[in-house]
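Down below is the structure, laid out as structure tokens.
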Amino acid sequence: MNVRERFHATCSFEKPDRPIRRETIGFFPETLARWHKEGLPETVVDDVFTGPPYFGFDSMSWLPISPNAAYDPGFFPAFEERILQEEGNHIIKIDTAGKTVKVLADGRSTLPQDLDHPVKNLKDFEEIKWRLNPETSGRFTDLLDIMVGMATAQGNDTYTSIVLCGLFGTYRHLLGLVGMSVALRKDQELIRTIARQWLHMHEVLIKKIREKCPVDYIYFWEDMSYKNGPMISPKVFGEFMTPYYKRLIGSVMADTDIRVFAVDSDGNLDILLGLFTEVGINMFLPFEVQAGMDIRKVREEYPELIIWGGLDKRTLAKDISDIRVMVNGIVPAMLNSGGFIPAIDHVVPPDVPLKNWLDFLDMVRTSK
């Protein structure tokens, strides 16, 4: 099988010649820096261009809606990043999503601390809505055209995804979690106006990108849960997410051949999985184990859900025997159930030795 055939066989719960090889979402820069000291070639420097082929991953091509993909709502042009203040080990800046954030000055991987957001009311949103116009001249240049060209050149030796910010992610980028929570109760017209623009932009852009090259799945970045559960209730999901997701997925399926729709969220999403499947989402990742996600239970409850991830990244820092127990206890049964891409439940953390990572890859790829 070629890579595209293997991906679609997996997503159709057929038996591919072997499982998809994409055992992690990526690597922290600090992880690669450690591995360089442990024998990894210095030429392996990222998780997009150099890392995947070195570790034998099946080629996956990302087609981002905007240069910053999930890190903003799809702004084009993005906000100009500028530093507002330097505070010891931290920098306060305006980021490309228009947020005021506090980050480490040395660039180490960490979640930024959001201090302010670009939208507080409907007037604010109307003033920046032009950045979410799908017809803006220049949106299909630079990075997107480069990525489309690379995907097209690989033909069926890759599978492709359009990467975009999900609806909850868009609310949160624009309003912040507190601002969004207030608006859901006191300014629902603002929420619905944002949702309508999200829907319109992606209806147009997904179809335009599909005209340029094959698209195998849509990747919605949401990150909408903490360890103990999601940041919104099922009731709020049903009112302010369900109609727009259902309309978008229905529209894409009516006008294109795209049939796989994935949501990426950390944390525990147990109480929202059913609602997502009802709107047409049929793939999830990464099923964070430390948040209580157990893909064996998920498979029992949702037998038709494509599962990518679910192997505890923390185990990779332990003894080889611990890694073997984890792999043997999960991977063979999940592969037998179909619709499974074996992978850890996030990026590889920097406490993982290179030898453990390589041994893990071997265990997963020889599991039956």
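Computed values, structure above
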read-out	value
The one condition in (1) in a loop (DSSP other than H, G, I, E, B); (2) at positive phi that Gly155 fails to fulfil	(1)
Qualifying residue in region 130-150 (condition: within 25 Å of Pro230 (Cβ to Cβ) and in contact with a Gly (Cβ under 8 Å, 6 or more places away or on another chain))	yes
Matching entry among Phe57, Phe13 (being in contact with a Gly (Cβ under 7 Å, 6 or more places away or on another chain), under 27 Å from Glu304 (Cβ atoms) and outside any helix (DSSP H, G or I))	Phe13
One residue from Asp187, Asp157 being under 22 Å from the mean Cα position of the chain (by Cα) and either of a type outside the set (S, T, N, Q) or under 30 Å from Phe27 (Cβ atoms) (or both)	Asp157
Set Leu269, Leu335: member being within 21 Å of the chain's Cα centre (by Cα), at negative phi and of a type in the set (A, V, I, L, M, F, W, C)	Leu269
Thr43 of a type in the set (S, T, N, Q), modelled with pLDDT of 90 or more and surrounded by fewer than 15 Cβ atoms within 10 Å (Cβ to Cβ)	yes
Test result for Ser161, surrounded by 14 or more Cβ atoms within 10 Å (Cβ to Cβ), closer than 18 Å to Pro67 by Cβ and of a type in the set (Gly, Ala, Ser)	yes
Residue list for region 46-60, restricted to those being β-branched (Val, Ile, Thr) and either touching a strand residue (DSSP E or B) at 6+ places or on another chain (Cβ under 8 Å) or at pLDDT below 95 (or both)	Val48
Region 208-220 - residue that is surrounded by fewer than 20 Cβ atoms within 10 Å (Cβ to Cβ) and of a type outside the set (Lys, Arg) and, of those, nearest to Asn156 (Cα to Cα)	Pro214
Lys355 over 19 Å from Lys227 (Cα atoms) and assigned by TED's automatic domain parsing to the domain that holds Asn228	yes
Residue in region 166-177 that is at pLDDT 95 or above and not in a helix (DSSP H, G or I) present	yes
Qualifying residue in region 196-203 (condition: modelled with pLDDT of 95 or more, surrounded by fewer than 22 Cβ atoms within 10 Å (Cβ to Cβ) and out of contact with any helix residue (DSSP H, G or I) (no Cβ under 6 Å at 6 or more places or on another chain))	yes
Failed item, numbered, when Thr24 is tested on (1) in a loop (DSSP other than H, G, I, E, B); (2) more than 23 Å from Gly310 (Cα to Cα); (3) β-branched (Val, Ile, Thr)	(2)
Residue list for region 82-133, filter: surrounded by 11 or more Cβ atoms within 10 Å (Cβ to Cβ), of a type in the set (D, E, K, R) and part of a strand (DSSP E or B)	Glu86, Lys93, Lys102, Asp114, Asp116
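The values are calculated or read from the model by the stated rules, or taken from the named source; none is laboratory data. Not measured: the values here are computed from a predicted model. When we count neighbours, we look across all protein chains shown, and the Cβ atoms used for this are built from the backbone with ideal geometry, even at glycine.
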